[in-house]
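One structure is given here, and the rest of the page talks about it.
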Amino acid sequence: MPEGQRQATQDWDEAQRLVARELKELQQLRAHRRLIGLKRTATLEAFAAEHLVDKAKHEDITDGWLEVTEVRLRAAVEFFGANRELSSIRPSDVKRWMDWIREHRKGKGHGPISGGTVRHYLNALSNLYRTAQEEEAVPPGYNPVAAIKSKPKSRAREARWFEVHEAALILEGTRMHRPTRPDLALPFLHPMIACYLLTGGRKSEVLGLEVEDISFDRKTVTFRSNEWRRLKTEKSHRVVPLWPQLKEILGRYLTVRPPTRLLFPAVLHGREQLVWSIDKPLDEIAERIGLGPGAIRAQMFRNTYCAARLQTVDNGQPISVYTVSRELGHTSTDMVQRIYAHLGQVRHRSEVMEYRVEQHEKALGDRLTALRVGSRAATP
């Protein structure tokens, strides 16, 4: 395949030149390995399997992370070839792989893959090369991914959130929700959404909460790594307040739920596992309160918590941005000040975090009435 092309050449003379160049580079690599004393040669597929086995031994690596990383490394094997030597992959090869990923992988809704997702593929391969350096399977510092200066990034977006009265309507909607498919319903949808709105946890953080992470005595919710999922960063390990409204909701839920370690478990063949997706019930809730599909997503609850928390007071004074940053698991206040610090249109000063529809009946008006009437009509 000529440089910069996506298809193999049809010219015999050019093919011979390319083969001769590849052979020369391989001979140079082998001579270099002997010179610097590399212990071994490594092919991509074999070393990828070894890399994943090694990662699985770490306590902070979850099954979910391993599964996603395996998918991304399989894409590398599919493109480069199973028997491609790690030390023969160059930055230009990685750039062609990036183009191949965009062409052969689809994003959510089968649309174009995002720059952030392409970056995740690159990170998986880069992490493999760090392991290869440690195992002396490639020269020290050899990482063709790291050598690329310009890598794709996630597109910066304006964070979306809900006003306090809107969040109260959503929470009330989950309480009254009657799923279209009871056999596929999440029986804990209401307490789960309450956890999102009243802790500011990330999607995986809330789904991975264990029962013992909730302390009614200390009035706290603890986010920590466990066998179900890891946290985004070390600073993400944190303790947030168990607000009175969440305490009420979880208190009722815990008296009737089956005995499991996970607070919100999906049970398959008698085995606990994380809930995979909550988008469908959120779309049903959105329709009930007059919004369209995709209008409600878990990340928006985190943004909502931040915006609402910044309006609370501590001993009569506005809450510290540092306190809010720590509750969200950020290492600095920059993220809150730059992205999440939405003041909103409705002021709701309070000593506690809460979303109670009784406090916002005037603002919600007909939307709340329609929700209640529709829920009564849907009840058998």
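Just a few scattered comments:
- Counting only residues at least eight positions apart within a chain, or on another chain, the aspartates and glutamates with an alpha carbon under 20 Å from that of K247 are E172, E205, E210, E212, D213, D217, D314, E327, E351, E354, E358.
- Percent RCO, i.e. relative contact order, over the chain, from Cα pairs under 8 Å lying at least 6 residues apart: 16 percent
- Interchain or long-range residues, amide H under 5 Å from E210's placed H: L263
- Theoretical FRET efficiency, 1/(1+(r/R0)^6), r = Cβ-Cβ of N123 and T233, R0 22 Å, to 0.05: 0.90
- Across the stretch 217-368, Cα pairs under 8 Å and at least six residues apart give a relative contact order of 21 percent.
- With all protein chains modelled, accessible area of M1 [1.4 Å, Å²]: 90 Å²
- Where labels lie 7 Å past Cα in the beta-carbon direction, separation of N315 and E22 in nm: 7.1 nm
- Residue-level accessible surface for W228, protein heavy atoms, 1.4 Å, Å²: 40 Å²
- Cα gyration tensor, the stretch 49-112 - rounded (a/c under 1.5), prolate or oblate: oblate
- Dipole in debye (nearest 20) - the chain, about Cα centre, beta carbon charges: Lys, Arg +1; Asp, Glu -1: 500 debye
- Ranked from largest to smallest solvent-accessible area, with a 1.4 Å probe on the protein heavy atoms, T331, T323, T199 come out as T331, T323, T199.
- About its Cα centre, the dipole of the stretch 235-366 is roughly 420 debye, where the only charges are +1 on Lys and Arg Cβ and -1 on Asp and Glu Cβ.
- Listed candidates [x] 24.2; [y] 22.1; [z] 23.0 - label of the one calculated as Kirkwood radius over Cα pairs in Å: [x]
- Here the stretch 179-315 is assigned +1 on the Cβ of each Lys and Arg and -1 on the Cβ of each Asp and Glu. Its dipole about the Cα centre then comes out at about 280 debye.
- Burial order of peptide ranges 64-71, 315-322, 42-49 (average beta-carbon count within 10 Å, highest first): 42-49, 64-71, 315-322
- A straight Cα-to-Cα reach below 16 Å connects K151 with the aspartates and glutamates D93, D99, residues fewer than 8 places away in its own chain not being considered.
- Taking the average, over residues, of other Cβ atoms within 10 Å as the packing measure, peptides 250-256, 302-308, 170-176, 11-17 rank 302-308, 170-176, 250-256, 11-17 from highest down.
- Backbone amide hydrogens, once placed in the peptide plane, bring T220 within less than 5 Å of S215, L242, excluding anything fewer than 5 places away on its chain.
- Net length available on complete extension from E78 to Q273 is 67.2 nm, with 0.36 nm assigned per residue and the Cα-Cα distance removed.
- Relative contact order for the stretch 120-244, counting Cα pairs under 8 Å that sit 6 or more residues apart, in percent: 14 percent
- Accessible area per residue (1.4 Å probe, heavy atoms of protein chains only) ranks E103, E212 as E212, E103, with the largest value leading.
- If you plug the beta carbon distance of E212 and A146 into 1/(1 + (r/R0)^6) with R0 = 51 Å, you get a FRET efficiency near 0.80.
- Cα convex hull volume per residue for the stretch 158-260 (Å³): 139 Å³
- Residue-normalised accessible area of the stretch 188-299, given per residue in Å² at a 1.4 Å probe: 48 Å²
- Rounded FRET efficiency, nearest 0.05, which uses the C-beta distance separating A8 from A370 and R0 of 45 Å: 0.15
- Rounded to the nearest 10 Å², the accessible area of F188 at probe 1.4 Å: 10 Å²
- Pairs from K57/K232; K106/K280; K57/K149; K55/K232; K106/K203 whose Cα-Cα separation, in the structure shown, is over 25 Å: K57/K149
The values are calculated or read from the model by the stated rules, or taken from the named source; none is laboratory data. Just so you know, these numbers come straight off a predicted model, no measurement behind them. Neighbour counts are summed over all protein chains in view; Cβ atoms, including those assigned to glycine, are modelled from backbone coordinates with ideal geometry. The area values use the complete protein model at the heavy-atom level, side chains included, leaving out ligands, DNA and RNA. Shrake-Rupley method; radii C 1.70, N 1.55, O 1.52, S 1.80 Å.
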